[in-house]
1. Leaving ligands, DNA and RNA out of it, rank M140, M1 by accessible area with a 1.4 Å probe, largest first.
2. Computing the accessible area with a 1.4 Å probe over protein heavy atoms, can you report the carbon and sulfur percentage for the chain?
3. Hey, what do the phi angles of the stretch 15-23 turn into as Karplus ³J(HN,Hα) couplings, whole Hz, using 6.51/-1.76/1.60 and θ = phi - 60°, x for Gly and Pro?
4. Please tell me the relative contact order of the stretch 127-178 in percent, rounded to the nearest whole number, where contacts are Cα pairs under 8 Å and at least six residues apart.
5. Based solely on its DSSP helices, what 222 nm [θ] is calculated for the chain when runs of n ≥ 4 H residues each add -39,500 (n - 2.57) and the sum is averaged over all residues, nearest 500 deg cm²/dmol?
6. Output ³J(HN,Hα) for the stretch 87-100: one whole-Hz value per residue in order, computed from phi by the Karplus curve 6.51 cos²θ - 1.76 cosθ + 1.60 with θ = phi - 60°, and x for Gly and Pro.
7. Report the extension gain between A20 and R179 in nm, rounded to one decimal, defined as 0.36 nm multiplied by the number of residues separating them, less their alpha carbon distance.
8. Across the stretch 176-182, in residue order, what do the Karplus-derived ³J(HN,Hα) couplings come to in whole Hz, using 6.51 cos²θ - 1.76 cosθ + 1.60 with θ = phi - 60° and x for Gly and Pro?
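The values are calculated or read from the model by the stated rules, or taken from the named source; none is laboratory data. For clarity, every value in this text was computed on a predicted model and none was experimentally measured. To get the accessible areas, we keep the full protein, side chains included, count just its heavy atoms, and leave off ligands, DNA and RNA. Shrake-Rupley method; radii C 1.70, N 1.55, O 1.52, S 1.80 Å.
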Amino acid sequence: MRIPGPEEIRALHEKHAPTAGAFASVHRHCEIVWSIAEQLLASPHLAHLDAELVRAGCLLHDIGVHRLYDDEGRLDHKNYIRHGLLGQELLESEGFPAVLCRFCSHHTGVGLTRQDVVRQNLPVPPADYLAETPEERLVMYADKFHSKSHPGRLLSPDEYASHVRRFGEDKVTAFQALRDEFGDPDLTRLKPEVEQPPVTS
């Protein structure tokens, strides 16, 4: 399987971003998620993971967010939960294989179950959207420490655990399992990168 590199993925973001601001927000977030995952991959116990695949997954996982912006750059927050499926559809339309498309549709929260979809009446087809491979789980995990709505700061593991508790103790347990599997990132090392303004051109 051919895995696209950073420049090809950047061009894909540029192609589908409706505005320069949308591109800057989404692509920058994806780059930060890759920085977090790359740091974690340096641990010897994760040497068996496919780093190229993880990089592509991080850089592509939120590409569907571009489809939630209107031409004026306003984001459709009400349907934000759909960004994963929209990203999967976008990558499928570009001819990417399922193993890459799944990074879009299987990274939300700490795993979205059919029960979650039904109970919360979410605007996506009832199904399990769970990260299954170690690469998928790492992309999902790294994504938890940075938010596009607060681009200048990082969320500590304990802060995310508190945040996810509102969705149930089972989500806290699932997040702890990810911490046990991958370890905690050293967010202080990433702070200078996060605090830099994004490049829009």
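1. Numbers: M140 5, M1 130 Å².
Sorted by accessible area, descending: M1, M140.
2. Numbers: 5050 of 9810 Å².
Result for the chain: 52 percent of the exposed heavy-atom area is carbon or sulfur.
3. Whole-Hz 3J(HN,Hα) from phi for the stretch 15-23: 5, 9, 6, x, 9, 4, x, 5, 4.
4. On the way: 26 pairs, mean separation 14.1, N = 52.
This gives 27 percent for the stretch 127-178.
5. Details: 10 runs with 108 residues, N = 201.
Helix contribution divided over all residues of the chain: -16000 deg cm²/dmol.
6. Karplus-based 3J(HN,Hα) across the stretch 87-100 equals x, 4, 4, 4, 5, 4, 5, 8, x, 7, x, 4, 4, 7 Hz.
7. Details: separation 159, 0.36 × 159 = 57.24 nm, distance 3.45 nm.
The A20-R179 span can extend by a further 53.8 nm.
8. Here the 3J(HN,Hα) series is 4, 4, 5, 4, 5, 6, 10 Hz.
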